[in-house]
Each structure stands twice: as C-alpha cells, then as structure tokens.
1. Please tell me the relative contact order of the chain in percent, rounded to the nearest whole number, where contacts are Cα pairs under 8 Å and at least six residues apart.
2. What net charge do the residues around Asp62 carry, taking every other residue with its C-beta under 11 Å from that of Asp62, with Lys and Arg at +1 and Asp and Glu at -1?
3. Under a plain spin-label model, where a point goes 7 Å from the Cα along Cα-to-Cβ, how far apart in nm are Arg56 and Met236?
4. Could you pull out every whole DSSP H run in the chain that spans at least 15 Å of Cα extent along its own axis and averages -1.0 or higher on the Kyte-Doolittle scale?
5. Give, as a single signed number, the net charge of other residues whose beta carbon lies under 11 Å from the beta carbon of Phe178, with Lys and Arg counted +1 and Asp and Glu -1.
6. Rounded to the nearest 0.05, what FRET efficiency do Glu202 and Phe267 have when you use their Cβ-Cβ distance and R0 = 30 Å?
7. Tell me which GluC sites (Glu not before Pro) from region 144-216 have a DSSP coil assignment and no more than 14 other beta carbons within 10 Å of their own.
8. Working out 0.36 nm times the residue gap between Ser290 and Ser92, then minus their Cα-Cα distance, what length gain in nm do you get to one decimal?
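Bear in mind these aren't lab numbers, they're just calculated from the coordinates by the rules spelled out. What you see is a predicted model; the values in this text were computed from it and never measured. Glycine also receives a Cβ, built like all others from the backbone with ideal geometry; neighbour counts cover every protein chain displayed.
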Amino acid sequence: MSIDMSIASTATSGTCAEDVVLYEVNDGIATVTMHRPEFHNAQNSKMTYALDAAFRRAVDDDAVKVIVLRGAGKHFSAGHDIGTPGRDINQSFPRASMWYDHVNKPGGEFLYAREQEVYLGMCRRWRDLPKPTIAMVQGACIAGGLMLAWVCDLIIASDDAYFADPVVRMGIPGVEYFAHAYELNPRIAKEFLFLGERMGAERAYQMGMVNRVVPRNELQEATNDLAQRIAKMPRMGLALTKQAINHVEELQGKRSAMDAAFAWHHFAHVHNELVSGDKLGGYDAKAMASSQRESTAHNKERDA
C-alpha cells in the first residue's frame with residue numbers, strides 16, 4: 001500500500017495548511033479523496049487541479065486498475081466553492097487545457113474561460129479516463145458535486161446520501177457539466193431542476209442514476225468489494241468497454257447538448273450581472289444552503 005499526502009495543499013483563514021486531495025493505492029485500487037471536510041468538500045480551483053493531478057497519476061500507474069473517488073467527512077461534496085475562506089476564483093493556475101487564463105478578463109469572458117477549463121473541460125477529461133471510476137457518495141452531493149459523481153462510471157451511495165442541483169434559483173439552467181437528461185429521464189430531470197430539491201439515494205437508484213445503495217457503515221466495504229471484482233478484469237477489456245459505452249452517449253448527442261447548455265449557462269451569468277450586479281444572482285454559499293434547508297423543511301411538512 002502507498003499513501004501520498006502531497007497532491008496539493010491550501011491555507012485558509014483561521015486554519016492550518018492542509019492537503020485538499022489525498023491519494024492512496026492499495027491492491028490495484030487508487031482512492032482519490034477530496035479533503036476539505038470542514039467546508040463539506042466544496043471545490044475550489046486548488047482542489048480541482050489537485051484532483052486532475054491525482055487522476056493523471058492513477059492513469060499513469062500500471063498497477064492501478066480501478067479509481068475510487070470519495071469525500072472526507074460527513075458529505076461527498078457540497079459543490080463549487082462560492083463562499084469559503086479558501087475560494088480562489090481570482091487566482092491563476094497552470095492550466096490543463098489550451099484555454100487562456102481567465103484572470104483579469106472583462107465581462108462574461110472571465111467565467112467563460114475559467115469554466116471551460118476547470119469545470120467543463122476537466123469533467124470531460126475525467127469521464128474519458130481509460131480506467132473504471134467509482135464515486136463513493138455519502139451525505140450531500142450538490143451541484144458541482146453531481147459533476148464529480150456523474151463523470152464516474154459507477155456510483156455507490158450510502159442510504160443517507162442525497163443529490164440536488166439548486167442553481168436554477170440563481171437563474172442558471174443547471175451546472176456546467178450538464179448531464180441531467182442522461183443521468184435521469186428527461187421529465188424527472190426537469191422536476192429535479194425546476195424544484196431544486198434533494199433527491200434521496202433510494203429514488204436516485206430507482207431512476208438509474210445510482211448503481212447501489214448500502215447502509216452508511218457498509219459504504220467503504222461495498223465500494224472496495226466492487227472495485228476489487230472489477231480489477232480482476234483485463235485492463236484493455238475494461239478500457240474498450242468504457243470507450244464503447246461512452247461512444248453510445250456521444251451518438252445520443254451528449255456532447256453537443258452539453259455545449260448548448262454551457263452556452264445558456266453563461267448567458268445566465270451575464271444576464272444576472274446586468275440585472276443584479278452579481279453573476280450568481282445574489283446567492284452565496286450561506287444563502288444557497290438556507291434555501292436547501294427551507295425546501296427540505298417544506299417537503300417534510302407537506303409529507304407529514
């Protein structure tokens with residue numbers, strides 16, 4: 001077994017420097033762990049680039065047959081970082097694609113260039129990794145968290161996991177890696193977005209978005225068992241199978257649909273800025289979390 005705690009680190013106000021992504025290899029399984037538990041694994045750019053480095057490392061290691069993505073702490077991921085002390089949207093990073101740096105770009109160009117790189121581009125590259133990937137999801141999987149789970153080939157969820165994309169509240173038509181109508185039936189996808197409410201693990205399983213639901217205390221064991229069974233298959237067979245099924249999705253229009261949704265997403269950002277002066281329609285992390293709690297309370301009251 002090998003463990004590397006040095007993929008990336010960050011310092012945030014009031015905290016010590018810590019690794020934002022952990023990397024471990026054990027018996028042919030690479031485990032990539034998002035490690036900002038105090039912020040529910042909200043994804044800043046530092047984490048996103050660290051994830052990219054970890055995935056690349058796993059692909060380059062011939063001993064690795066399967067990659068597991070998980071989140072430390074109570075939740076898988078609360079989504080993109082829109083309000084923690086470590087938010088780094090205005091910082092430059094060595095880029096993984098050919099897109100130019102977004103920093104100091106005017107108007108809509110700022111977010112368009114950034115999100116082509118760190119959201120749409122990264123997620124597409126991770127989806128196409130030639131090795132099987134499994135998302136191990138517990139607790140919240142919200143907005144940008146969905147993107148990380150959806151790029152994985154399989155999703156194993158704990159029975160307390162829940163999924164949501166509440167960004168329609170911002171006037172934005174879903175997250176940048178817009179796979180909703182491929183992960184869910186289109187009519188269910190509309191409900192999921194129109195309401196922005198939490199979808200529990202069991203319903204996500206019924207909709208085909210999740211492969212398996214297990215008790216929280218069995219999540220690690222169930223994920224490792226599945227990964228070990230997959231790892232017994234020949235590497236080339238796994239790579240070709242994944243490529244074939246991903247190709248079917250492309251023939252169904254997934255890439256072109258995502259390109260269109262990404263354009264509408266950025267029209268919404270610019271519209272928000274013109275109307276309200278804020279690209280996110282006035283929502284920060286606290287306001288978005290509060291809206292989720294209100295929605296959950298309403299559901300419990302309705303179902304009582």
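1. 16
2. +1
3. For the pair Arg56/Met236, the computed spacing is 2.7 nm.
4. 45-60, 219-231, 235-251, 254-276
5. My count for the surroundings of Phe178 gives -2.
6. The computed FRET efficiency comes out at 0.25.
7. Here no GluC sites (Glu not before Pro) fit, given the DSSP loop and packing criteria.
8. Residue separation times 0.36 nm, minus the Cα-Cα distance, leaves 68.2 nm.
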